[in-house]
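Below: one structure, written as structure tokens.
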Amino acid sequence: MSQPFVQFENVWLAYNEELLAQNQFAVEDINLNVEDGEFIAIVGPSGCGKSTFMKLTTGLKRPTKGRITVGGKEVTGPLKISGMAFQAPSLLPWRTTLDNVLLPLEIVEPYRSQFKQKKAEFEARAIALLERVGLGGYERKYPWQLSGGMQQRASICRALIHEPKMLLLDEPFGALDAFTREELWCILRDLWTEQKFNVILVTHDLRESVFLADTVYVMSKSPGRFIVKKEIDLPRPRELELTYTPEFTDIVHELRGHIGALKGAPVKTS
């Protein structure tokens with residue numbers, strides 16, 4: 001069997017030595033296998049450690065105990081093979097939409113050293129990606145000229161422009177209205193279907209997790225640990241009409257019943 005693309009082995013994290021001495025952990029006993037090309041979602045109550053998990057996955061935090069591998073290599077520092085998007089688009093206000101999307105290619109190798117000579121090629125790639133998410137014609141607009149949904153689309157393009165093997169999304173659609181949110185679900189679904197990069201989505205929206213993910217993990221209250229692993233056995237491609245079916249709502253209600261579960265509950269797999 002091939003090795004999982006992302007693997008957590010008995011991972012614990014205390015944020016500093018003082019907390020470690022007090023045996024206080026942000027996350028504890030995290031074990032996880034994510035297969036190549038898999039889309040997973042992580043849900044749980046506020047403060048349970050979902051964002052901490054993301055920092056561990058990207059190498060922004062090192063585990064106190066345990067081991068993390070991504071792409072067959074142990075994570076010892078910030079990863080270059082990942083892209084990230086957050087709830088706040090964080091576009092630079094003095095750069096156009098196009099220049100914001102190009103930013104990773106200016107700072108991440110091997111693109112950085114090639115940027116000047118390949119700028120036209122990179123711009124064409126960025127424009128094609130913007131068109132793919134419905135932002136064709138907005139390349140020269142500044143962030144303040146875009147709606148919140150448009151800014152988030154540009155943020156996703158920026159996260160994908162360097163063709164990462166893994167996309168990490170931390171509440172990317174949480175600040176948007178329901179209609180825009182569902183529209184972006186479909187855009188993300190289509191991009192993932194075409195490119196099959198790994199996705200780790202952190203969200204409070206259970207409907208979002210069930211619609212998008214292959215597998216949903218529920219985290220307990222802090223210190224966070226995975227208490228439920230739910231395989232989403234719904235056919236793909238998934239259309240929005242699916243979200244109104246009994247099969248879909250049954251899964252959402254099942255997951256809702258687990259949110260806020262107490263530390264120490266046994267892991268359940270279904």
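The values are calculated or read from the model by the stated rules, or taken from the named source; none is laboratory data. Since the model is a prediction, treat every value here as computed from it, not as a measurement. Here the Cβ positions follow ideal geometry from the backbone for every residue, glycine too, while neighbour counts run over all protein chains shown.
Could you please let me know if D177 is of a type outside the set (A, V, I, L, M, F, W, C), more than 30 Å from K119 (Cβ to Cβ) and over 13 Å from the mean Cα position of the chain (by Cα)?
Yes, satisfied.
Taking interchain pairs and intrachain pairs at least six residues apart, which have beta carbon atoms under 6 angstrom, with the first residue in the stretch 186-201 and modelled with pLDDT under 95 and the second small (G, A, S) and surrounded by fewer than 18 Cβ atoms within 10 Å (Cβ to Cβ)?
Going by the 6 Å Cβ cut-off, the qualifying pairs are K196/G37.
Which count do you get for residues in the stretch 78-114 that are part of a loop (DSSP other than H, G, I, E, B) and over 20 Å from A175 (Cα atoms)?
10
Can you find even one residue in the stretch 80-92 that is over 17 Å from the mean Cα position of the chain (by Cα) and exposed (fewer than 14 other Cβ atoms within 10 Å of the Cβ)?
The answer is yes; a qualifying residue exists.
Identify the residue in the stretch 193-233 that is in contact with a Gly (Cβ under 8 Å, 6 or more places away or on another chain) and assigned to a strand (DSSP E or B) and, among all such residues, is nearest to R132 (Cα to Cα).
Step by step, filter the stretch 193-233, then rank; the result is N198.
Read through the list (1) in contact with a strand residue (DSSP E or B) (Cβ under 9 Å, 6 or more places away or on another chain); (2) part of a loop (DSSP other than H, G, I, E, B), then give the number of the only condition that Q117 fails.
All conditions are met except number (1).
Pick from the stretch 140-172 the residues that are among the charged types (D, E, K, R) and surrounded by fewer than 18 Cβ atoms within 10 Å (Cβ to Cβ): which of them is nearest to the chain's Cα centre (by Cα)?
Once the filter is applied, the top-ranked residue is E163.
Restricting to the stretch 215-238, what's the tally of residues that are in contact with a helix residue (DSSP H, G or I) (Cβ under 8 Å, 6 or more places away or on another chain) and free of Cβ contacts under 8 Å to residues at least 24 places away in the same chain?
Matching residues across the stretch 215-238 total 1.
Among the candidates T64, T97, single out the residue that is touching a strand residue (DSSP E or B) at 6+ places or on another chain (Cβ under 9 Å) and surrounded by 13 or more Cβ atoms within 10 Å (Cβ to Cβ).
The match here is T64.
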